[in-house]
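Participant: Take a look at the following structure, please.
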Amino acid sequence: MDHLTLENPVFVTYAIASALMVLKIMGQGWMTVFRMMRKDGGFVSPEDLRKTPLNPNPRPEQLEIDDYVDRSRRMHRNDLENIPGFWMAGFLMVMVAPPLWLAQVLMYGFVAARAAHAVAYATKQTHDIRATFYTIGSLIVIFMALYALWALLL
Amino acid sequence: MDHLTLENPVFVTYAIASALMVLKIMGQGWMTVFRMMRKDGGFVSPEDLRKTPLNPNPRPEQLEIDDYVDRSRRMHRNDLENIPGFWMAGFLMVMVAPPLWLAQVLMYGFVAARAAHAVAYATKQTHDIRATFYTIGSLIVIFMALYALWALLL
Amino acid sequence: MDHLTLENPVFVTYAIASALMVLKIMGQGWMTVFRMMRKDGGFVSPEDLRKTPLNPNPRPEQLEIDDYVDRSRRMHRNDLENIPGFWMAGFLMVMVAPPLWLAQVLMYGFVAARAAHAVAYATKQTHDIRATFYTIGSLIVIFMALYALWALLL
């Protein structure tokens, strides 16, 4: 029986959630670009101080760490620490054929938790709020990996 | 012939190794959380200095770099540089149908090398020990990618 | 109909591009190792100042940030922000069965854009050149994710 087809609603759930997470991770790169352009700073490479069409007015302080820009990089790093693990755990979940409702709760729950984490981080909410959404996303991935491992080893 | 089923022992090997690596990568995030709570510091966002139930006694030095916490972040980064590459190379390996013994040696070897790397890093072993386990893991992934590429291009 | 087989030329395109990107990401780690050895510095862990066969002459300044080494780490980070997203989006692309020419243009285009980005970064080309190749790669991944999402939701 093949689980990896568009006829399998669990796979479709996984595919939609994963595509949304691709857009999240790539969009985070563009948020960093946007913030660097808006602040005209927060750069990280010495050669970025050369005069170019995108940087007509270079100054040494453009290489200083700027929280507005660095915040987007930290969000990106947090994504990298969580989303590829979701992609892998979700794939294994599809292969061990969970009930559809469980896949939907876990996978759309992960997407919602990561979206809420991003909003909390970008708007500088208190640590405990951000940590709550991080925890939900992380525990979902851990649960999916354990669920798959359990089914594989039985 | 379908390689992506639980009837294929090469796929099961890949799935077990990959699930363990999901747990490793997500667990590394929790090691950072544990170390931040134990040291009551090593934070990275300015808003983490607000008084909250999880931080009842905020102080500016909580934002300073702390090696105990930063070590866990460096371990996490090293995971991100190696484990997603393993997931992809392992998947391709499954698709080109290697002998089972080879898949087991490579994939469980990768898991063992990364576990040993984590212990060496966390316990501050000398660089050369840590580098040895990094090298084993990295060469396994490179070998798997070349093995798959070879089979694909033949 | 099974898309995940070596008989499907779209999958083979994806597999070749993905294997090349595994080699890119793992090779970046070795570029960092090579640069650390050549500069005899740019280390990040305090224990790397111990005298070992690989570091016979330890000095405190070996822990200072060195642009030659750090550049390779920044390239690695940029890879991590883009390549796993490509692997996932490409997988979904395969599953929704695009025309072969489109898959080839996008996937080999991504490989070429990342290779050009790496050369531009390593040789310290002006920011705008590096940004152009980053943009091409990033837009390809975003397009693939949207293409798959569109097919999944129709």
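The values are calculated or read from the model by the stated rules, or taken from the named source; none is laboratory data. Keep in mind it's a predicted model, so treat the numbers as computed, not measured. So basically every Cβ, Gly included, is an ideal-geometry build from the backbone, and we count neighbours across all protein chains shown. Areas reflect the complete protein model, heavy atoms only, side chains present, ligands, DNA and RNA absent. Shrake-Rupley method; radii C 1.70, N 1.55, O 1.52, S 1.80 Å.
Participant: So the label point goes 7 Å from the Cα of A:Leu102 along Cα→C-beta, right? Which residues of the stretch A:79-93 then have their backbone N under 15 Å from it?
Facilitator: Residues A:90-93 fall inside that zone.
Participant: Would you calculate the separation in nanometres between label points at A:Leu154 and C:Val119, each defined as 7 Å from the Cα along the Cα-to-beta-carbon direction?
Facilitator: 5.3
Participant: So what are the ³J(HN,Hα) numbers for the stretch B:51-58, from phi and the Karplus equation (6.51, -1.76, 1.60; θ = phi - 60°), rounded to whole Hz, Gly and Pro as x?
Facilitator: Coupling constants for the stretch B:51-58: 6, 9, x, 7, 9, x, 9, x Hz.
Participant: Rounded to the nearest 500, what is the 222 nm mean residue ellipticity of chain C from helices alone, with -39500 (n - 2.57) per DSSP H run of 4+ residues and division by all residues? If you can, show how the numbers build up before the last one.
Facilitator: Values: 4 runs with 110 residues, N = 154.
Estimated from H runs of four or more residues: -25500 deg cm²/dmol.
Participant: Please grab the % of Cα pairs in the stretch B:9-153 that end up more than 20 Å from each other. Working shown, then result.
Facilitator: Numbers: 5660 of 10440 pairs.
More than 20 Å apart: 54 percent of the Cα pairs in the stretch B:9-153.
Participant: Which residues does a label at C:Arg38 reach in the stretch C:50-66, if reach means a backbone N under 16 Å from a point 7 Å past the Cα toward the Cβ?
Facilitator: Of the residues in the stretch C:50-66, C:66 have backbone N under 16 Å from the label point off C:Arg38.
Participant: What base-10 log of the normalised intensity I(q)/I(0) is obtained for the protein assembly as shown from the Debye formula, alpha carbons as equal point scatterers, at q = 0.11 Å⁻¹?
Facilitator: Here the Debye-derived log intensity ratios amount to -0.91.
Participant: Can I ask one more? Residue by residue through the stretch B:27-40, which ³J(HN,Hα) values in whole Hz follow from phi under the Karplus form 6.51 cos²θ - 1.76 cosθ + 1.60 (θ = phi - 60°), with glycine and proline marked x?
Facilitator: x, 4, x, 6, 5, 5, 4, 4, 5, 5, 5, 5, 7, 6
Participant: In nm to one decimal, list the spacings between the C:Asn57 label point and its equivalents in the other copies, with label points set 7 Å along Cα to Cβ, shortest first.
Facilitator: Shortest to longest, the spacings are 4.7, 4.7 nm.
Participant: How large is Rg/Rh for the stretch C:107-151, to two decimals, with Cα atoms and a Kirkwood Rh? Could the numbers behind the result be given before it?
Facilitator: Numbers: Rg = 12.0 Å, Rh = 10.9 Å.
Result: Rg/Rh = 1.10.
Participant: Identify, for chain C, the residue whose C-beta comes nearest the rotation axis onto chain B, and round that distance to whole Å.
Facilitator: Closest to the rotation axis on chain C: C:Pro84, 3.
Participant: Going by the alpha-carbon gyration tensor, a ≥ b ≥ c the square roots of its eigenvalues, is the stretch B:1-50 rounded (a/c under 1.5) or, if a/c is not under 1.5, prolate (a/b greater than b/c) versus oblate? Write out the running numbers ahead of the final one.
Facilitator: Working: a/c = 7.79, a/b = 3.89, b/c = 2.00.
Prolate, because a/c is 1.5 or more and a/b exceeds b/c.
Participant: Still on this structure, please answer the following. Per-residue HN-Hα couplings for the stretch A:114-126, Karplus 6.51 cos²θ - 1.76 cosθ + 1.60 at θ = phi - 60°, whole Hz, x for Gly and Pro?
Facilitator: For the stretch A:114-126, the Karplus curve yields 5, 5, 5, 4, 5, 5, 4, 6, 5, 9, 6, 5, 4 Hz.
Participant: Solvent-accessible area per residue for chain A at a 1.4 Å probe radius, Å²?
Facilitator: Working: 6410 Å² over 154 residues.
Solvent-accessible surface per residue comes out at 42 Å².
Participant: In addition: Kindly give the distances from B:Val33 to its copy-mates, label point to label point, with each label point 7 Å from Cα along Cα→Cβ, as nm values to one decimal ordered shortest first.
Facilitator: From this label point to the equivalent ones elsewhere in the assembly: 3.3, 3.3 nm.
Participant: Across bins of 5 angstrom width beginning at 0, how are the C-alpha pair distances of the stretch C:79-127 distributed, in whole percent?
Facilitator: 5, 18, 24, 22, 14, 9, 5, 2
Participant: Hey, in the GNM for chain C with a 10 angstrom Cα cutoff, which one of C:Pro98, C:Pro53, C:Pro84 fluctuates hardest?
Facilitator: Among C:Pro98, C:Pro53, C:Pro84, the largest mean-square fluctuation in the Gaussian network model of chain C belongs to C:Pro53.
Participant: Then there is this: Per residue of A:4-11, how many C-beta atoms from partner chains lie within 10 Å of its own C-beta, taken as a mean?
Facilitator: The per-residue average across the peptide is 3.
Participant: Next question, about the same structure. By how many degrees, 0 to 90 and rounded to 10, does the Cα axis of helix A:67-95 deviate from the longest principal axis of chain A?
Facilitator: With both axes taken from Cα atoms, the answer is about 20 degrees.
Participant: Excluding residues fewer than 8 places away in the same chain, name every one of the aspartates and glutamates whose C-alpha is closer than 14 Å to that of C:Lys24.
Facilitator: Excluding near neighbours in sequence, the set is B:Glu81, C:Asp79, C:Glu81.
Participant: Here is a further query. When the Cα centres of the stretch A:1-65 and the stretch B:76-117 are compared, how far apart do they sit, in Å?
Facilitator: One Cα centre to the other: 27 Å.
Participant: Put the label 7 Å from Cα along Cα→Cβ for C:Pro46; what are its distances to the other copies, in nanometres, shortest first?
Facilitator: 2.9, 2.9
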